[in-house]
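Encoded as structure tokens, the structure appears first; notes follow it.
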Amino acid sequence: MLHVSHLQAGYDETIILRDVDFEVPKGKIVGLLGRNGVGKTTLMKVLMGLLPMKNGNIQYEGKKLKKERPEHRARSGIAYVPQGREIFSDLTIRENLLLGMEALPKSKRSANIPEEIFTWFPVLKEMIDRKGGDLSGGQQQQLAIARALISNPKLLLLDEPMEGIQPSIVQLIQDVLVQIAKEKEMGIMLVEHNLDAVLSCADQFYILDRGRMVMSGSCDEIKEEDLQRHLAV
Ligand SMILES: Nc1ncnc2c1ncn2[C@@H]1O[C@H](COP(=O)(O)OP(=O)(O)OP(=O)(O)O)[C@@H](O)[C@H]1O
């Protein structure tokens, strides 16, 4: 569903991504690993249209992405949960979730939150009228993911969703991702430093280093020594 080739991007004159090739197939979770500052977030921003690419090709659902704005990409089914969650602290869970509808064309928006959201994240139903700022980090992360899922995206980009989250919530998020990738045939790209979490829920992985994907494969076949070589600081 997503094919990226020879992608080059960066900030002003600085090139961060030199020649990036990768794919996210339909219904699969793809983990993106790499040391701090290699450009994982930069790649997500380019995919979401928040940063222009300098060169290369992005093909999404059979069409080339060029200069489409983020809202256009969101309407075409790409959802992004940035690092740090970015939920609205002064709005309730309900209000935060309904904002996720903005990603849909007006004719498809609803005033009701789909019940499946609460089957994945029951705590959001229990606390529906509480303000975002009153939630724990793990609850805020569930809210941020749920808000992205409201628009029923085809491709979900997640930037470090497990960061600073307690193990039981990490497990819940992993279980939800595995379930929705399969049931909804959603492609999921997961940037994560929590290696165990990536290996236990992703199907495939890529390692980004010095502007290129230096390694990729199936998570079942990943070798500890290769990880050490590319990820050790
Ligand atoms: N807005 C910006 N302007 C200039 N340089 C930036 C900007 N944002 C990020 N960078 C630089 O681009 C490089 C890649 O940053 P990026 O955040 O994409 O890395 P990352 O792999 O996501 O890191 P981390 O794992 O720490 O989140 C870093 O050197 C960073 O300092």
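The values are calculated or read from the model by the stated rules, or taken from the named source; none is laboratory data. Keep in mind it's a predicted model, so treat the numbers as computed, not measured. Cβ sites come from the backbone with ideal geometry, for glycine too, and all protein chains shown count toward neighbours. Accessible surface is based on the protein model in full, side chains and every heavy atom, while ligands, DNA and RNA are left aside. Shrake-Rupley method; radii C 1.70, N 1.55, O 1.52, S 1.80 Å.
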The condition of being at pLDDT below 95 and open to solvent by less than 10 Å² (accessible area, probe 1.4 Å) holds, among 161, 153, 167, only for 161
ask   = So is residue 192 within 16 Å of the ligand (Cβ to nearest atom), more than 20 Å from residue 102 (Cα to Cα) and either surrounded by 14 or more Cβ atoms within 10 Å (Cβ to Cβ) or modelled with pLDDT of 95 or more (or both) or not?
value = yes
Requiring at least 2 residues that are surrounded by fewer than 20 Cβ atoms within 10 Å (Cβ to Cβ), at pLDDT below 95 and not small (Gly, Ala, Ser), the helices (runs of 4 or more DSSP H) wholly within the range 1-109 are 70-75, 93-99
Residue 187 meets each of (1) open to solvent by less than 80 Å² (accessible area, probe 1.4 Å); (2) over 21 Å from residue 104 (Cβ atoms); (3) touching a helix residue (DSSP H, G or I) at 6+ places or on another chain (Cβ under 9 Å) with one exception, condition (2)
So for the range 32-45 (the condition being on the phi < 0 side of the Ramachandran plot and away from the ligand (no atom under 16 Å from the Cβ)), does at least one residue qualify? no
Within the range 47-77, residues touching a strand residue (DSSP E or B) at 6+ places or on another chain (Cβ under 8 Å) and among the basic types (Lys, Arg) come out as 54, 64, 73
Flagged pairs (Cβ under 6 angstrom, 6 or more apart or on separate chains; first in the range 37-62, in contact (Cβ under 8 Å) with a residue 12 or more places away in the chain; second surrounded by fewer than 14 Cβ atoms within 10 Å (Cβ to Cβ) and part of a loop (DSSP other than H, G, I, E, B)) are 49/69
Within the range 6-31, residues more than 9 Å from the ligand (Cβ to nearest atom) and among the aliphatic types (A, V, I, L, M) come out as 7, 9, 15, 20, 24, 29, 30
Counting only strands (runs of 3 or more DSSP E) wholly inside the range 148-233, the ones holding at least 2 residues that are touching a residue at least 60 places away in the same chain (Cβ under 8 Å) and under 13 Å from the mean Cα position of the chain (by Cα) are 155-159, 187-191
